[in-house]
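The values are calculated or read from the model by the stated rules, or taken from the named source; none is laboratory data. Computed from a predicted structure; not experimentally measured. Glycine gets a Cβ as well: all are built from the backbone with ideal geometry, and neighbour counts include every protein chain shown.
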Amino acid sequence: MQWVAVGTENNVKVWDLMSVNNKPIAVLEAEVPRKEGKKVAKSFQCTSLSWNALGKKLFAGFSDGNIHVWTTNPSDKN
């Protein structure tokens, strides 16, 4: 599997480089913090990305100081 991840202003997009389709196979949204039951409108930029050694987890650091972790499953493509 040859995947590439790109951090954007409010999410992370993942593409399969072996696919002929040029659409992302996943758009990973970070959970927006809630304040008194309402979503906070501010979005945070993705500032860093890293795959683990096996390529099964993607770590993304955001400008709010949080690191979000997603587990990948190559058989679950969008």
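Structure data summary
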| quantity | calculated |
| --- | --- |
| Inter-residue pairs, beta-carbon under 9 Å, first under 24 Å from PHE62 (Cβ atoms) and in segment 8-32, second surrounded by fewer than 12 Cβ atoms within 10 Å (Cβ to Cβ) and modelled with pLDDT of 90 or more, 6+ apart | TRP15/LYS23 |
| Breaking point among (1) outside any strand (DSSP E or B); (2) surrounded by 11 or more Cβ atoms within 10 Å (Cβ to Cβ); (3) at pLDDT below 90, for PRO24 | (3) |
| Unique residue being loosely packed, with under 10 Cβ neighbours inside 10 Å and either modelled with pLDDT of 85 or more or aliphatic (A, V, I, L, M) (or both) when the list is ALA60, ALA41, ALA5 | ALA41 |
